[in-house]
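The values are calculated or read from the model by the stated rules, or taken from the named source; none is laboratory data. Bear in mind the structure is a predicted one, so any value in this text is a computation, not a measurement. Counting neighbours? That spans all protein chains shown, and the Cβs are built from the backbone with ideal geometry, glycine included.
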Amino acid sequence: MKRTIIGQTALAVMMASTASAATVLDVVAWKGNEAEPAGMPELIEKFESENPDIDVELTFVARKDVDKVIPPRLQAGTPPDVTMVDGKLVALWGGAGLLDDLGTSTEWYNNLIPSVRDIVTLDDKALSYPLEVIGMGNFVNMDLLAKVGIDKAPVTIDALKASCSALAAAGISPMIFAGGFPAMLFVGANGIDPKGISPTEYSSGDRQFVGDDNFNRTFDLVRELVGAECFDPKLQAGLDPWATAPQEFKAGNVAILPQGAWNIGQFNDVEGLNYQFAPMPSVHTDYGLALDLVGPGWAIPKDAAHKEAAAKWIEFFSREENLNVFLKAEGAYSPYQGGKATMPDLATPYTDARAKGSLILWPFSTQEFPSALQSEWEDSITGFLLNIDAANEKTLQRWDDVIEDNL
């Protein structure tokens with residue numbers, strides 16, 4: 001048996017603290033840790049200074065663990081007061097009646113980009129306050145490109161292949177193409193035509209991946225990248241996309257890394273790393289294709305103990321000056337119409353593509369593609385890299401099988 005003894009002085013201090021901060025706001029998020037601070041320490045300090053009767057207790061839970069940690073609390077009626085959610089969780093928990101309606105008459109809701117508004121709305125209820133739209137594209141080491149006489153980040157397939165060939169000839173590793181995530185971004189950017197077939201046609205079963213011209217051509221393009229010496233496919237198949245890949249780019253060992261803009265913060269911490277964030281080269285556009293991921297948002301569970309304090313938390317983030325702290329730290333764009341630009345100049349190529357309308361919303365973040373398909377993309381594209389001579393149909397059939405299982 002463990003006993004804790006508190007002296008009278010300590011007890012008095014604790015009682016005074018309790019009196020001055022009567023409410024402890026339980027917030028769960030997959031942002032706010034050392035790796036992805038997202039401006040949260042600064043924002044929490046400001047929120048508490050404006051609300052001296054509220055103490056914020058932020059618990060970091062990695063996104064991959066949220067599905068295991070939060071549902072038991074939701075079902076037991078003891079959820080956090082505020083929890084971070086994404087489109088999948090809004091659909092799942094909101095569909096089960098476990099999230100509160102934040103109201104559709106608020107200024108922030110009516111100022112949302114329409115496509116984002118659709119994601120957080122279920123049965124005419126606003127179930128989440130969206131925080132960001134974050135880009136996915138290519139990080140490009142401009143100093144390595146300069147060594148072979150290239151002064152612009154490649155945004156077309158031809159420019160990418162030419163860059164790879166020049167870099168390889170100079171003994172510079174051109175590109176990371178790890179199957180788990182980076183390769184998937186290239187496949188999506190070339191398989192999905194922003195002005196063509198909607199992703200929902202595939203996920204509804206109305207259209208199959210097998211026999212689809214765009215996705216068949218995409219795997220042929222991957223072979224062309226291999227032919228241009230962009231990467232060794234078998235080596236890339238076993239590369240960790242989340243640890244090893246970013247570290248290789250930070251160390252200046254590779255020129256091009258497909259990844260998300262959430263890495264801008266950690267890359268900026270590397271002294272002397274001169275890079276740009278550019279859209280993904282795509283056959284569908286001469287500007288490169290911006291892959292916008294609809295990021296997380298805040299939701300209030302139905303059984304939250306401190307709903308009034310939780311509402312203040314969301315109102316706090318709905319103020320542009322506060323949201324911009326989060327966006328700047330994340331390297332993200334505002335999901336609200338007319339939002340202030342917070343992206344650094346190094347992301348100009350990506351921002352320019354968005355401004356030209358050369359973008360798609362990543363269909364896994366909008367729920368246009370089922371989440372089960374994402375893991376299948378990662379696994380099957382990795383398998384393809386291990387045997388790029390295999391028929392495209394072998395990979396594409398696996399995708400159709402997942403769609404059929406999820407209808």
### Message
Within the range 157-176, does at least one residue satisfy the condition of being more than 23 Å from the chain's Cα centre (by Cα), at pLDDT 95 or above, under 22 Å from THR285 (Cβ atoms) and β-branched (Val, Ile, Thr)?
### Response
yes
#### Entry: Segments classed as helices (runs of 4 or more DSSP H), wholly inside the range 36-118, with at least 2 members that are under 22 Å from the mean Cα position of the chain (by Cα), surrounded by fewer than 19 Cβ atoms within 10 Å (Cβ to Cβ) and of a type in the set (A, V, I, L, M)
87-95
#### Entry: Extreme residue, nearest to the chain's Cα centre (by Cα), among residues of the range 383-400 that are of a type in the set (Asp, Glu) and surrounded by 13 or more Cβ atoms within 10 Å (Cβ to Cβ)
ASP400
#### Entry: Lone qualifier among ILE256, ILE264 - being of a type in the set (Val, Ile, Thr), surrounded by 23 or more Cβ atoms within 10 Å (Cβ to Cβ) and over 17 Å from the mean Cα position of the chain (by Cα)
ILE256
### Summary
Expected output for the range 202-220 (first residue touching a residue at least 40 places away in the same chain (Cβ under 8 Å), partner loosely packed, with under 13 Cβ neighbours inside 10 Å and not charged (D, E, K, R), Cβ below 6 Å, 6+ apart or cross-chain) is GLY205/LEU407
### Task
Tell me, yes or no, whether the range 268-282 has at least one residue that is in contact with a helix residue (DSSP H, G or I) (Cβ under 9 Å, 6 or more places away or on another chain), among the charged types (D, E, K, R) and surrounded by fewer than 17 Cβ atoms within 10 Å (Cβ to Cβ).
yes
### Check on LEU11, at pLDDT 50 or above and either of a type outside the set (D, E, K, R) or surrounded by fewer than 18 Cβ atoms within 10 Å (Cβ to Cβ) (or both)
no
